[in-house]
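The values are calculated or read from the model by the stated rules, or taken from the named source; none is laboratory data. Keep in mind that what you see is a predicted model, and the values were worked out from it rather than measured. Neighbour counts are summed over all protein chains in view; Cβ atoms, including those assigned to glycine, are modelled from backbone coordinates with ideal geometry. Note: accessible area is taken over every heavy atom of the protein model, side chains too, but ligands, DNA and RNA are not part of it. Shrake-Rupley method; radii C 1.70, N 1.55, O 1.52, S 1.80 Å.
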Amino acid sequence: MIDLKDITVTFKNKASTVHAVQDVSLQVEAGDTYGIVGYSGAGKSTLVRVINYLQKPTSGTAIVNGQALGKLDKDQLWVARRKIGMIFQHFNLMNSRTIAGNIEYPLRYSKLTKAGRAKKVQELLALVGLSDKADAYPAQLSGGQKQRVGIARALANDPEILLCDEATSALDPKTTGEIIDLLKRLNQQLHITIVFITHEMSAVKSLCNHVAVMEDGKIVERGALLDIFSNP
Ligand code: ADP
Ligand code: ADP
């Protein structure tokens with residue numbers, strides 16, 4: 001599903017050279033819930049941008065959904081990116097659009113008719129338990145509800161992978177638990193592969209079946225969750 005081989009991402013400017021990601025290899029299988037944990041600056045976001053085709057690696061190969069990132073042209077990248085959903089720490093909703101409008105936004109290039117899009121939005125609202133909020137605006141929602149909207153929007157184009165970048169880091173523990181329960185359910189119900197980037201080990205423990213720990217651009221430890229935490 002995701003196969004990263006010897007990925008290095010180096011940012012160079014006049015003053016400095018930063019090795020954001022160094023020689024990272026990572027395999028995520030279909031249906032996995034894969035956690036990538038590390039402190040701020042460890043390279044997690046950069047690695048996610050490689051998976052999402054937003055960052056070209058300096059070296060190494062990235063195969064996502066069976067496609068080699070380096071071999072796609074601009075149009076193919078657009079299509080490929082639509083098979084990857086993404087959710088964010090601060091939700092990134094458009095405040096001037098209704099909840100239904102936010103969820104519909106990624107469908108603007110889809111082949112669905114207007115009625116088809118409306119039906120899809122209804123289904124997505126039901127999936128995340130927000131059917132009564134279609135006409136509300138983001139400012140009227142709690143943080144947890146906003147993240148549910150973010151999840152519904154991320155699922156609009158039926159992605160095979162959901163990338164979660166600090167998706168629960170702005171939420172209180174109870175709401176974090178609810179979002180994690182929702183992600184677990186989506187993983188089981190839709191068989192969607194989840195990659196969950198965070199600095200919070202507790203969130204990874206309750207959601208993920210695999211974990212990689214990043215430090216200074218490198219993966220320093222990895223495995224099935226039980227193996228990692230049963231180490232003395
Ligand atoms: P994390 O997501 O784990 O906080 P990042 O991937 O954001 O880590 O950053 C890893 C390192 O790469 C940091 O030192 C950061 O400052 C640097 N970095 C990230 N993006 C850029 C960029 N576009 N230009 C220069 N340095 C960057
Ligand atoms: P942004 O998300 O930054 O607003 P857009 O999604 O509007 O960017 O797209 C930026 C450009 O890419 C636009 O010119 C748009 O026409 C083009 N584009 C995006 N998706 C497709 C697609 N599926 N087919 C053709 N062109 C596309």
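Taking θ as phi - 60°, what are the ³J(HN,Hα) couplings along the range 118-131 by the Karplus curve (6.51, -1.76, 1.60), each to the nearest whole Hz, with x for Gly and Pro?
4, 5, 4, 4, 4, 4, 5, 4, 5, 4, 9, x, 10, 4
Per the Cauchy relation, a quarter of the hull surface: what is the mean projected area of the convex hull of the alpha carbons in the chain, in nm²?
Mean shadow area of the hull around the Cα atoms is 13.8 nm².
Once a ≥ b ≥ c are taken as the square roots of the eigenvalues of the Cα gyration tensor of the range 59-148, is the result rounded (a/c under 1.5), prolate (a/b larger than b/c) or oblate (a/b not larger than b/c)?
Prolate, because a/c is 1.5 or more and a/b exceeds b/c.
If you line up the long axis of helix 173-190 against the longest principal axis of the chain, both from Cα atoms, how many degrees apart are they, to the nearest 10?
Rounded to the nearest ten degrees, it is 90.
With all protein chains present and a 1.4 Å probe, how do 32, 73 order by accessible area, largest first?
So, going from the largest accessible area down, we get 73, 32.
Ignoring ligands, DNA and RNA, please state the percent of accessible area on the chain from carbon and sulfur, probe 1.4 Å.
Result for the chain: 51 percent of the exposed heavy-atom area is carbon or sulfur.
Which lysines, on any chain, are close to residue 71 with Cα under 28 Å apart, when same-chain ones fewer than 8 places away are left out?
5, 12, 44, 56, 83, 111, 218
Would you rank 51, 63 by solvent-accessible area, highest first, keeping every protein chain in place and using a 1.4 Å probe?
The most accessible residue leads, giving 63, 51.
Cut-off under 19 Å on the C-alpha distance; same-chain residues fewer than 8 positions from residue 114 excluded. Which aspartates and glutamates are left, in chain and number order?
Partners found: 104, 123, 135, 158.
Note the per residue figure in Å³ for the convex hull of the C-alpha positions in the range 175-216.
Cα-based convex hull of the range 175-216, divided per residue, equals 69 Å³.
Could you tell me how far the Cα centroid of the range 1-17 sits from the Cα centroid of the range 186-201, in Å?
Rounded to whole Å, the Cα centres lie 24 Å apart.
Give me, ordered by chain and number, the residues 5 or more places off residue 32 or on other chains with an amide H under 5 Å from its own placed amide H.
Counting only residues 5 or more places away or on other chains, the set is 194.
Counting helices only, and only those DSSP H runs with n ≥ 4, report the 222 nm mean residue ellipticity of the chain as the sum of -39,500 (n - 2.57) divided by its residues, in deg cm²/dmol to the nearest 500.
-10000 deg cm²/dmol
Among rounded, prolate and oblate, which fits the range 1-72 when a ≥ b ≥ c are the square roots of the eigenvalues of its C-alpha gyration tensor, a/c under 1.5 means rounded, and a/b larger than b/c means prolate?
oblate
Counting only residues 5 or more places away or on other chains, whose amide H sits under 5 Å from the amide H of residue 86 once H atoms are built in the peptide plane?
For residue 86, whose amide H was placed from the backbone, the distant partners under 5 Å are 163.
Counting heavy atoms of the protein chains only and a 1.4 Å probe, report the per residue accessible area for the range 48-93 as a whole number of Å².
Accessible area per residue: 56 Å².
Working only with C-alpha atoms, what are the Rg and Dmax values of the range 129-228, expressed in angstrom?
Taking only Cα atoms of the range 129-228, I get Rg and Dmax of 14.6, 46 Å.
Which of the peptides 207-216, 168-177 is most tightly packed, and how do the rest follow, judged by the mean count of other Cβ atoms within 10 Å per residue?
207-216, 168-177
Setting aside same-chain residues fewer than 8 positions from residue 174, which lysines have a Cα under 24 Å from its Cα?
Within the straight-line cut-off, residue 174 pairs with 133, 146, 184, 205.
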